[in-house]
Amino acid sequence: MTWTTRETRIEALRACSAERILLLDGAMGTMIQRLGFDEADYRGDRFADWASDLRGNNDLLSLTRPDAIREIHEAYFAAGADFASTNTFNANRISLADYGMQGLAREMSTAAARVAREAADAWMAKDPTRPRFVAGGLGPTNRTASLSPDVNDPGFRAITFEDLRIAYGEATEGLIDGGVDVLLVETVFDTLNAKAALYAIAEVLEARGLRLPVLISGTITDLSGRNLSGQTPEAFWISVQHALPFAVGLNCALGAEQMRPFIADLARVADTRVLAYPNAGLPNEFGAYDEEPEDTARHLRAWAEAGLVNLVGGCCGTTPQHIQAIAEAVAGLPPRVIPEMPRRLRLSGLERFELAA
């Protein structure tokens, strides 16, 4: 079968998710760092005279070195990934303002999506029996709508909901233009930021007459078991449940060993698919990640055996070797059964509240 349209791929995604555990890809930043790019690589010819330093602006590489980004996507597909996540973690006007590139946010999003789409299409051409998907990544931005960055002024906010809505809407437009199959609101440390992203996505999809699956992935910032805005995983789920996501889960901040209890909390209450892509362990004193692929894979196999997950992959420090080991570890294991939750009043503050029947 061929998967030539977005609609057929989305249909295939739903069918595949019922049959097996799906594989996300691994870290983009880790792979870019391995390339050892210098300032000239980031600038290319187009931005040779840009006023500010650009090294480290990884999203820009989708414009200046798309060949390198495509090779990374292809390495993950070769390792067994079902998804290529776009190189767009900071491709929004809020984060790109640090480089004076806020006007390029939509162009970067479109370019990154096209690179990932090309890689996915190439792999489907090699194996027409297996669909490959592109997830359009919408990162958290470098501002928080819920918290003040100034300890002396707790009422101050560095960003507004409206600013976030506009930025996320622009990025979403670019990702859709570039050909993504799903939208991934990822690394959510502030639930209000995620709500702005979900609102923007709903606006764009309604205006275009589209229905795309949405994945939401929060971040538990430490072993307290809460995100930066103070919510537990259960409360976070109730806060975003209205968006009817294709999947909800966690990524970043923690390694698999530390993340498991929080994934279990989500798996217990979420009546949708659960995704998880932890870091390759906790960072060492140099900020690097040392966990070997087989160790990450062992943890994720245990999660799968316990019936906790539907989609798995890797975040910071993970590589194609990690994804290959994970793919082998969960092969043949059934995906988590989505529970039917009784209809009750459920509210979320910092914690989950459910009114007993």
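Data table
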{"item": "Pair-distance profile P(r), taking every C-alpha pair of the chain, with 10 angstrom steps and integer %", "result": "6, 25, 36, 26, 7, 1, 0"}
{"item": "Residues C316, C16, sorted so that the one with the fewest Cβ neighbours within 10 Å comes first", "result": "C16, C316"}
{"item": "Computed helical MRE - 222 nm, the chain, DSSP H runs ≥ 4 contributing -39500 (n - 2.57), nearest 500", "result": "-13000 deg cm²/dmol"}
{"item": "Stokes-Einstein D (µm²/s) once Rh is taken as the Kirkwood radius of the stretch 76-165 over alpha-carbon pairs, at 20 °C in 1.002 mPa s", "result": "141 µm²/s"}
{"item": "Mean Kyte hydropathy of -0.5 or more with a Cα span along the axis of at least 24 Å, helices from DSSP in the chain", "result": "105-126, 161-178, 191-208"}
{"item": "Relative contact order %, the stretch 234-357, counting alpha carbon pairs below 8 Å whose residues are six or more apart", "result": "28 percent"}
{"item": "Span from the the stretch 1-62 Cα centroid across to the the stretch 145-176 one, whole angstrom", "result": "24 Å"}
{"item": "Percent RCO, i.e. relative contact order, over the chain, from Cα pairs under 8 Å lying at least 6 residues apart", "result": "18 percent"}
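Where a number appears in this text, it was derived from the coordinates with a stated rule and is not lab data. Predicted model, so just to flag it, every value in this text is computed and none were measured. Here Cβ is always computed from backbone atoms with ideal geometry, including for glycine, and neighbour counts include all displayed protein chains.
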